[in-house]
Amino acid sequence: MRTDAMLTAYKTIVTREIRRFTRIWPQTLLPPAVTMTLYFIIFGNLIGSRIGVMDGFDYMSFIVPGLIMMAVITSSYSNVVSSFFSMKFQRSIEELLVSPVPNWIILAGYVTGGMSRGLGIGLIVTLLSLGFTDLSIHHLPMVILTVFLTSALFSLGGFINAMLATKFDDISIVPTFILTPLTYLGGVFYSIDMLPGFWQGVSMINPILYMVNAFRYGILGVSDVNPYIALAMIVVFITILSAVSLRMLARGKGIRH
Amino acid sequence: MTNALEIEGLVKTYGDGFEALKGIDLHVAEGDFFALLGPNGAGKSTTLGIVCSLVNKSAGKVRVFGSDIDTHLSDAKLNLGVVPQEFNFNQFEKVFDIVTTQAGYYGIPLKKASESAEKYLRQLGLWDKRNTPAMMLSGGMKRRLMIARALVHEPKLLILDEPTAGVDIELRRSMWTFLEEMNRRGTTIILTTHYLEEAEALCRNIAIIDHGRILRNTSKRELLQQLSSETFVLDTAEPLDKAPVLDGFFSHLDDEGAMVVDVQKGQSLNGMFIQLEKLGIRVVSMRTKANRLEELFIRMVEDNNTSAASRGDAA
């Protein structure tokens, strides 16, 4: 396939993905906006005022970066997992399989689609947070890099989940039983300095902790971990998950007989 | 002349050990209208699935217009258009979007894709439905949508897996006309069908597959020459209560009361008419009964079942 044709195919997949999640915006864009607003009101305003200062910032300012990251992670993941799995379920994935689109373009298209929704939600939540706190950016490149790479990473995760899923239950197991606990325990609502030594150690094996803290560093300038190590980790994970995804596509795992 | 499709030694063994294809060879010439026939589970869809990259092969070679799917898959795919057996589009998407998106997957820019989509949606009578979500279409419209989608990138080889399944006779005839026109304009067509009348009406060459093996691969004409008899339907001026007894001919009445007579190859029809004249039966029209292929097909598949049983093959 020629380069310009590949670019057209990539744009087609991305456009289709964006058209899908904007067409069903009450299911895709509205819920995270409502949920995050409730977090801001309940945890930030009502409870946060009694918690006081954390890492030198009022509680609302402390949780905003984590909540933005939480929205980006879940939206990126769920966009790809639900879109790709429903294509498998309806067999419309065959439209792509019979076409000459290279596997890496298919993967790039879906990941970009997931990132479009994830980053779009991130922007919506950020704008909503401005109604509750003043956001100042400490390190803009770190903010942009972290949020883009994290969104790409979880889009890849969603893609692998969709490739492996054989029924609708399979696409909710990972978000419910793995992603949500890891996010809640990933330092969104607290600094790991508050935990006993053992649990601090356990927290350090949670990859989401690194992403939340790298993003918090970009915004507030404080972090429980070295943000550059966090960025390097995300890049390593993206490399591994990309390789796994491409291998699955090449073998036709779950999509070819 | 280049072959549109070349299959050599194609084998497919599924994960559960079921051997769907046992080393088939098939050549389809460019410009042909070719039928792949066989009973359910014979290996038709598996064969076409491998050609279209929907099924991984276990062994063998497949070339589409000379492009090997192992080494030049992208080139092979560019020449292929596929109409699958089951609806496989996003039911929530609009008709126009489904067709233009497919064109985009082939690298066709939106402007050109829109023109091509309009051309085929108009030809297939779906232009008025272009903004309708696919789920709102009737079964026949959905089938035509899949044909428009398969043609949007102007493939040289069109593969149709039971394209008229569940379609009423009027629509089926109009789809035949459309496909014949596509073939006349140079598109090679391969189809599988359960309607042997369809294969007889449209195709020039036919392969019969059963139990993962090609039983016959020949021209329709040659295949039909194997028939030892031909069946004629005779409409009489007066309705008959029962079929007349004709010396040397077997006759019966069909469901609509028309007389059906089997005539052996080389047997003169004059003898039949002389006897009918003597019986005072006046024939007002006569036609050959279609579905002659069906008779041959059933015979071949039955013979193969007997051979398979003696070989100990799984059905």
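The values are calculated or read from the model by the stated rules, or taken from the named source; none is laboratory data. Keep in mind the model is a prediction, meaning the values are calculated, not measured. Positions of Cβ are backbone-derived with ideal geometry, glycine not excepted, and every protein chain shown enters the neighbour counts. Just the protein is used for accessible areas: all its heavy atoms, side chains included, with ligands, DNA and RNA removed. Shrake-Rupley method; radii C 1.70, N 1.55, O 1.52, S 1.80 Å.
Side notes on the structure shown:
- The number of residues in segment B:59-81 being in contact (Cβ under 8 Å) with a residue 60 or more places away in the chain and open to solvent by less than 20 Å² (accessible area, probe 1.4 Å) comes to 3.
- Test: residue in segment B:89-96 that is open to solvent by less than 20 Å² (accessible area, probe 1.4 Å), at pLDDT 95 or above and within 11 Å of chain A (Cβ to nearest Cβ): no
- Residue within segment A:10-28 that is open to solvent by 10 Å² or more (accessible area, probe 1.4 Å), away from every other protein chain (no Cβ under 14 Å) and either touching a residue at least 12 places away in the same chain (Cβ under 8 Å) or not in a helix (DSSP H, G or I) (or both) present: no
- Subset of segment B:156-188 [free of Cβ contacts under 8 Å to residues at least 24 places away in the same chain and not in a helix (DSSP H, G or I)]: B:Arg185
- Of the set (1) free of Cβ contacts under 8 Å to residues at least 24 places away in the same chain; (2) in a loop (DSSP other than H, G, I, E, B); (3) assigned by TED's automatic domain parsing to the domain that holds B:Thr46, all apply to B:Ala243 but (3).
- Checked against the criterion of being in the same structural domain as B:Asn79 (by TED's automatic domain parsing) and assigned to a strand (DSSP E or B), the candidates B:Leu234, B:Leu191 yield just one match: B:Leu191.
- Tabulated pairs, segment A:170-192, first under 20 Å from A:Phe57 (Cα atoms), second open to solvent by less than 60 Å² (accessible area, probe 1.4 Å) and among the basic types (Lys, Arg), C-beta under 9 angstrom, 6+ apart or interchain: A:Gly187/A:Arg216
- Scope segment B:254-267; condition over 9 Å from B:Phe232 (Cβ atoms) and surrounded by 11 or more Cβ atoms within 10 Å (Cβ to Cβ); matching residues: B:Asp254, B:Gly257, B:Ala258, B:Gln264, B:Gln267
- Listed here are the helices (runs of 4 or more DSSP H) enclosed by segment A:81-186 that have at least 3 residues being closer than 23 Å to A:Ala230 by Cβ and among the hydrophobic types (A, V, I, L, M, F, W, C): A:103-129, A:140-164.
- Any chance B:Leu73 is farther than 17 Å from A:Ile93 by Cα and facing chain A (nearest Cβ under 8 Å): yes
- Candidates A:Tyr190, A:Tyr217, A:Tyr228: the one that is at pLDDT below 90 and of a type outside the set (S, T, N, Q) is A:Tyr190.
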